[in-house]
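**Student:** The structure's right below; bear with me while I get my questions together.
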Amino acid sequence: MFKGIKELLKYDKRFLIGFIVISFFILVSIISLFSPYNLRAWNQVPRDMPVSSQYLLGTNSLGQDILWRAMAAVKNSLILGVVAAVISRVIAIILGLFAGYKGGIFDRIIMTFNDSFIVIPLFPVLILIASILRSSMNLVVLGVIIGLFGWAWDARLFRSQILSLKEREFTKTALLSGMSSGKIIAKEHLPYIIPLIMAATINNIIWVIGMEVTLSILGLTSLNIPTIGTMIYWSMEYQALFLGRYNWILTPVIICIVLIISLYLLSTSISKYLDPRTRLQMIEEE
Amino acid sequence: MTTEKKDVNNSEISNFQTNINNPLLKVDNVTKIFTKGQGFSKSTLTAVNKASFTLNADNPEIFTIAGESGSGKSTIAKLILGFEQVSSGDIFYDGINIDDIKGKKLKTKFMKEVQPIFQNPFETFNPLKKADTYLFETAKNFKMGEKNKEQIIEDALELVGLTLKEIRNKYPSEMSGGQLQRVSIARALITKPSLLIADEPVSMIDASLRMSIVNLFKKLKEETGISVIYITHDLATAYYVSDRISIMLRGQIVEMGPVEKVLDDPLHPYTELLKNSVPEPEPNDEWSKEISLSDMETKEFSREGCKFAGRCDKELDKCKKVEPDYVKIDDRIVKCHLYKN
Amino acid sequence: MSILEVKNLKAYYITQKYGHINKVKAVDGVSFEVNKNEIYGIAGESGCGKSTLLKAVNGLSKPPLQILEGEVIYNFEDRTMNILGLKEEKQRREIRGISISNVPQGSMNVLNPVRRIERSFKDFIGAHKNIKDKEKFESMVRKHLSALGLDWDVMKAFPHQLSGGMRQRVTIALATILKPEIVFADEPTTALDVVVQRGVVQLIKKIKKEQKNTVIMVTHDMAIHANLCDRIAIMYAGKIVEEGDVDVIFNNALHPYTRLLLESLPRMGDKSPRVSAPGSPPSLTNVPSGCRFHPRCKYSSEHCKEEIPELKEVKNGHRVACFLEEVEK
């Protein structure tokens, strides 16, 4: 794996950029743990101070240091993204693999269940749940909820990949070589499925971040926790745009954009690298 | 030479020409019908239609099932291997009905003794895995070569003209089609099978390399007593390597017998057409007569009488309406109105 | 009079992925000429570069296939052109279909599965000529089809309704409807049933007789070459090793590879033991030094390892690339 990362770093600009940016963000997240301020409280510092050497990104109308808040926001958004993505991946993998391999009536039942989740308008449902749970909502709860809803598309994706793998002739050969089903899944099919899972995971993280921002802007999450979404919420509440307090509103927006783009770059470059066809070509050359 | 003609019915075909006492494989009046679609748009296709033949355990042979695409030959392979279920009729391996082969012990025995070889070696192996892993898996899972698996694998590879050193750690894409197909055959040989079912094993390999694979089958039969069911549309290699041949058309066996007799002196008009259409690597030996090709395949399948009527130049009136019976002539059988008593 | 002249053509596949540069020397210095109105065959095992040669010659080359050097000169009725000099896709498209036509390996690559055959014909003809007159279009197609022994009913069908053989023949009819001067066929009979194969070969012969075009046929099946072609060239590892009239090649092949190739073919009625050519063709990324066949050749000598033999004419129209000939002289 490390050889792969090295190769990717050297030859794929997209991966390089994505890797650097995300590493930077992770670093930032770690640093944010050492914040000198209480991130949930207001009036920690003078309000509405512009960018200066003391307050590197200025302060906001709630009396909070924007820089430290931004760093915590990055950390929280990343954690949220990962938690939710992992939960929904696990569900998607289990359901997708089960439906694909078992087939028959299991497949039908699972897919009907799955499709109902695709069809449900996710957004209103999340808004509903969020407004009910608002008081007890914290990051983890939010992550779990989003995770419980984000698996439907990808479950279908994994299932169809498995359906096609089942039909391949080498699956028959593996059966004839006496391999058990579990082994066949692990050794024959996984190399094809893993690239899919990786790409799907990263894409899901992007989706979750976007979802969090949306919910927060609508005021539906726990607004004192610094996240990208809540920062935007408060800045809008206090008319930062109109009042020309660009440091407040632009910080989360730019972070959001940069984060999403770099995740996207990582996702495409990794999945291209892991794509069986690319790997085949590289094998042939050696 | 007096030819002895005799009408035979379908169930007698399978017992025909072999010792009934010890059949290795007996295909008895087997029919396979595929249905597509559901409800109103159902359509059926009779892929195999009352096919019968028997292979003798005491007398290993290379038995060719020849036919064009859509003849049902690949379906028969799948039926024998258990990848599909018969719609009617029975298949017996070593006296046991294939439908009754359930449970781990019997299944394992069957899988060890009957091994397939597929058409496309590059599909047979997972391109992302090294080819030798399948050899090791087979040896391990069937408990061959308790102490020394490598030796068993080495022996199997030697039979096909390869060494473990040559193919170790190589991915399928690093080998040629011929080499890879030989690895596929070696894998099948590890369990010391009695019957190989080779489904178009050389059609994806260059014409110049086919001999090496086909010679291999001959050698295996002569040296280790393995019988081979060789499924192909290439009559030239069939002539070269087989003992008996059966010609299939739209699911039915239309002629069967020793390969030299059937191909040197074909009885059924379809066999004659097939034989004449094989291009010879001889510049001056050109096809003189023009042939008519079928345009819609479904038409032929659903035809009532003889499946070849419509393309046959010796067609009689009743050919389009009445299905011909089998007639036994010396040591061959043919399904054609022209030979009826 | 030669309709196509290829001089010293070099075409490689060059790909670069994550730092690995891969050069497949598919066509490595090939020169030959095709005469007007003949059927010229290019034979060889898979991986010898014959399909690439076809692509490079008929102007269908796309990256990663790069043409490094050489000339490909067509002498059409009304003009001469070096196809490699045509940069514009538009110019290439103009000659395609009218002057040059391609019959690909799989018929389904050509026929649109969701359109009736008639539509595919209309699209194809319409792309090259203006068909305002419906009657004219119909009569042209009808004449062509009946000359080839195909029923007009075929036009109303969808591709999947026809048998594989019929589809291939329709594809050939489509490729030749505008009476191209040259027809390129890349393995048109591979993967077809033997009876259908015969039908296709007969069809190609018929077309050639009717339209008097030149056919360049690529296939690994020597028997097809024997039945169809006038002259053939044998390719090995990116180079032509022998070329000549078809009787000469089959009865009096000089290059050891050609001889091995011919000896390994089974013939009906002959059960005498035969052997394949030993070993296998080299990978085109890593070709042997000197004569590329020397590792498999029983006559090879030190000289063969060091120097690449040139394709030289030994007898009238018979060219061979082998040092054996020089020694024997």
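The values are calculated or read from the model by the stated rules, or taken from the named source; none is laboratory data. Because the structure is a prediction, the values reported are computed rather than measured. Cβ coordinates were reconstructed from backbone atoms using ideal geometry, including for glycine residues, and neighbour counts include every protein chain displayed.
**Student:** Search the stretch B:99-115 for residues that are without any contact (Cβ under 8 Å) to a residue 60 or more places away in the chain and pair each with any residue that is part of a helix (DSSP H, G or I) when their beta-carbon atoms are under 7 Å apart and the residues are at least 6 apart or on different chains.
**Tutor:** Within 7 Å, the pairs are B:Ile101/B:Lys107; B:Ile101/B:Phe110.
**Student:** Applying the selection to the stretch C:50-64, what residues are at pLDDT below 85 and either within 14 Å of chain B (Cβ to nearest Cβ) or over 17 Å from the mean Cα position of the chain (by Cα) (or both)?
**Tutor:** Scanning the stretch C:50-64 gives C:Ser51, C:Lys62, C:Pro63, C:Pro64.
**Student:** Filtering the stretch C:167-188 down to residues that are on the phi < 0 side of the Ramachandran plot, within 14 Å of chain B (Cβ to nearest Cβ) and charged (D, E, K, R), which residue is nearest to the chain's Cα centre (by Cα)?
**Tutor:** Out of the qualifying residues, it is C:Arg169.
**Student:** Looking at B:Asp206, B:Asp234, B:Asp243, can you tell me which residue is touching a strand residue (DSSP E or B) at 6+ places or on another chain (Cβ under 6 Å), within 12 Å of another protein chain (Cβ to nearest Cβ) and either without any contact (Cβ under 8 Å) to a residue 40 or more places away in the chain or farther than 19 Å from B:Phe122 by Cα (or both)?
**Tutor:** Being touching a strand residue (DSSP E or B) at 6+ places or on another chain (Cβ under 6 Å), within 12 Å of another protein chain (Cβ to nearest Cβ) and either without any contact (Cβ under 8 Å) to a residue 40 or more places away in the chain or farther than 19 Å from B:Phe122 by Cα (or both) holds for just one of B:Asp206, B:Asp234, B:Asp243, which is B:Asp243.
**Student:** Got a number for residues in the stretch C:210-219 being crowded, with 23+ Cβ neighbours inside 10 Å and part of a loop (DSSP other than H, G, I, E, B)?
**Tutor:** Number satisfying all stated conditions: 1.
**Student:** Would you point out the residue of the stretch C:34-49, among those that are part of a strand (DSSP E or B) and away from chain B (no Cβ under 14 Å), that is farthest from the chain's Cα centre (by Cα)?
**Tutor:** Within the stretch C:34-49, the match that is farthest from the chain's Cα centre (by Cα) is C:Asn35.
**Student:** Answer yes or no as to whether B:Phe40 is part of a helix (DSSP H, G or I) and surrounded by fewer than 23 Cβ atoms within 10 Å (Cβ to Cβ).
**Tutor:** Answer is yes for this residue.
**Student:** May I pose another question? I need every pair where a residue in the stretch A:157-178 that is within 13 Å of chain B (Cβ to nearest Cβ) and surrounded by 17 or more Cβ atoms within 10 Å (Cβ to Cβ) has its Cβ under 9 Å from the Cβ of a residue that is outside any helix (DSSP H, G or I) and polar (S, T, N, Q), sequence separation at least 6 or different chains.
**Tutor:** Filtered contacts from the stretch A:157-178: A:Arg168/B:Asn126; A:Phe170/B:Asn126; A:Thr171/B:Asn126; A:Thr173/B:Asn126; A:Ala174/B:Asn126; A:Leu176/B:Gln115; A:Gly178/B:Thr191.
**Student:** Being crowded, with 16+ Cβ neighbours inside 10 Å and out of contact with any Ser or Thr (no Cβ under 8 Å at 6 or more places or on another chain) is the filter here; which residues of the stretch A:51-60 pass it?
**Tutor:** Once the filter is applied, which keeps residues that are crowded, with 16+ Cβ neighbours inside 10 Å and out of contact with any Ser or Thr (no Cβ under 8 Å at 6 or more places or on another chain), the stretch A:51-60 yields A:Tyr55, A:Thr59.
**Student:** I'd like the full set of residues that are farther than 21 Å from B:Ala198 by Cβ and of a type in the set (S, T, N, Q), limited to the stretch B:75-112.
**Tutor:** B:Gln85, B:Ser87, B:Ser88, B:Asn97, B:Thr108
**Student:** Additional query: Only residues that are β-branched (Val, Ile, Thr), in contact with a strand residue (DSSP E or B) (Cβ under 9 Å, 6 or more places away or on another chain) and within 11 Å of chain A (Cβ to nearest Cβ): list them for the stretch B:95-122, please.
**Tutor:** Across the stretch B:95-122, the qualifying residues are B:Val114, B:Ile117.
**Student:** I've got another one for you. Of all residues in the stretch B:203-220, which are touching a helix residue (DSSP H, G or I) at 6+ places or on another chain (Cβ under 8 Å), outside any helix (DSSP H, G or I) and more than 9 Å from B:Gly178 (Cβ to Cβ)?
**Tutor:** Scanning the stretch B:203-220 gives a single hit, B:Met204.
**Student:** Report, ordered by the first and then the second residue, all pairs with beta carbons closer than 7 Å, sequence separation of six or more or different chains, a first member in the stretch C:190-209 that is in a loop (DSSP other than H, G, I, E, B), and a second member that is among the hydroxyl-bearing types (Ser, Thr, Tyr) and modelled with pLDDT of 85 or more.
**Tutor:** Every condition considered, the pairs that remain are C:Thr190/C:Thr219.
**Student:** Could you say whether any residue in the stretch C:156-172 is within 28 Å of C:Ser2 (Cα to Cα), surrounded by 21 or more Cβ atoms within 10 Å (Cβ to Cβ) and out of contact with any Gly (no Cβ under 8 Å at 6 or more places or on another chain)?
**Tutor:** Within the stretch C:156-172 (the criterion being within 28 Å of C:Ser2 (Cα to Cα), surrounded by 21 or more Cβ atoms within 10 Å (Cβ to Cβ) and out of contact with any Gly (no Cβ under 8 Å at 6 or more places or on another chain)), the answer is yes, since at least one residue qualifies.
**Student:** Count, please, the residues in the stretch C:279-329 that happen to be among the small types (Gly, Ala, Ser), closer than 24 Å to C:Asp247 by Cβ and loosely packed, with under 14 Cβ neighbours inside 10 Å.
**Tutor:** Going through the stretch C:279-329 one residue at a time, the tally reaches 1.
**Student:** Here's a check for you: in the stretch A:267-283, which residue that is within 10 Å of A:Met198 (Cα to Cα) and aliphatic (A, V, I, L, M) is modelled with the lowest pLDDT?
**Tutor:** In this case the residue turns out to be A:Leu274.
**Student:** Then there's this: Taking the residues in the stretch B:123-162 that are in contact with a Gly (Cβ under 7 Å, 6 or more places away or on another chain) and assigned to a helix (DSSP H, G or I) as candidates, determine which candidate is farthest from the other protein chains (Cβ to nearest Cβ).
**Tutor:** Here the residue is B:Gln151.
**Student:** While we're here: Return the only residue of A:Val21, A:Val28 being within 21 Å of A:Tyr273 (Cβ to Cβ) and away from every other protein chain (no Cβ under 14 Å).
**Tutor:** Of A:Val21, A:Val28, the one residue that is within 21 Å of A:Tyr273 (Cβ to Cβ) and away from every other protein chain (no Cβ under 14 Å) is A:Val21.
**Student:** State all residues of the stretch B:35-91 that are of a type in the set (Phe, Trp, Tyr), farther than 24 Å from B:Thr237 by Cα and within 16 Å of the chain's Cα centre (by Cα); if no residue qualifies, say none.
**Tutor:** B:Phe83
**Student:** Inside the stretch C:34-60, can you point out the residues that are among the basic types (Lys, Arg) and either buried (at least 17 other Cβ atoms within 10 Å of the Cβ) or more than 28 Å from C:Asn213 (Cβ to Cβ) (or both)?
**Tutor:** Matches in the stretch C:34-60: C:Lys50, C:Lys55.
For every residue, the table says whether it meets (1) under 25 Å from the mean Cα position of the chain (by Cα); (2) facing chain B (nearest Cβ under 7 Å).
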{"position": "C:Asn252", "(1), (2)": "yes, no"}
{"position": "C:His255", "(1), (2)": "yes, no"}
{"position": "C:Thr258", "(1), (2)": "yes, no"}
{"position": "C:Leu265", "(1), (2)": "yes, yes"}
{"position": "C:Arg274", "(1), (2)": "no, yes"}
{"position": "C:Ala277", "(1), (2)": "yes, yes"}
{"position": "C:Gly290", "(1), (2)": "no, no"}
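**Student:** Just the residues that are surrounded by fewer than 16 Cβ atoms within 10 Å (Cβ to Cβ) and part of a helix (DSSP H, G or I), please, taken from the stretch B:86-107.
**Tutor:** Answer for the stretch B:86-107, where residues must be surrounded by fewer than 16 Cβ atoms within 10 Å (Cβ to Cβ) and part of a helix (DSSP H, G or I): B:Asp99, B:Asp100, B:Lys104, B:Lys105, B:Leu106, B:Lys107.
**Student:** Hey, could you check the stretch C:15-33 for residues that are of a type in the set (A, V, I, L, M, F, W, C) and within 12 Å of chain A (Cβ to nearest Cβ) and say which is surrounded by the fewest Cβ atoms within 10 Å (Cβ to Cβ)?
**Tutor:** C:Ile21
**Student:** Continuing with the same structure: Name the single residue, out of those in the stretch C:130-145 being at pLDDT 80 or above and farther than 14 Å from C:Arg119 by Cβ, that is nearest to the other protein chains (Cβ to nearest Cβ).
**Tutor:** The extreme case among them is C:Leu145.
Per-residue answers, yes or no, for (1) touching a helix residue (DSSP H, G or I) at 6+ places or on another chain (Cβ under 7 Å); (2) assigned to a loop (DSSP other than H, G, I, E, B); (3) under 27 Å from C:Glu38 (Cβ atoms):
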{"residue": "C:Phe250", "(1), (2), (3)": "yes, no, yes"}
{"residue": "C:Leu254", "(1), (2), (3)": "yes, yes, yes"}
{"residue": "C:Thr258", "(1), (2), (3)": "yes, no, yes"}
{"residue": "C:Leu262", "(1), (2), (3)": "yes, no, yes"}
{"residue": "C:Met268", "(1), (2), (3)": "yes, yes, no"}
{"residue": "C:Pro278", "(1), (2), (3)": "yes, yes, no"}
{"residue": "C:Pro281", "(1), (2), (3)": "no, yes, no"}
{"residue": "C:Leu284", "(1), (2), (3)": "no, yes, no"}
{"residue": "C:Ser289", "(1), (2), (3)": "yes, yes, no"}
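**Student:** May I pose another question? Looking at A:Thr201, A:Thr227, A:Thr171 in this structure, which one is closer than 30 Å to B:Ala139 by Cβ, polar (S, T, N, Q) and out of contact with any Gly (no Cβ under 9 Å at 6 or more places or on another chain)?
**Tutor:** It is A:Thr171.
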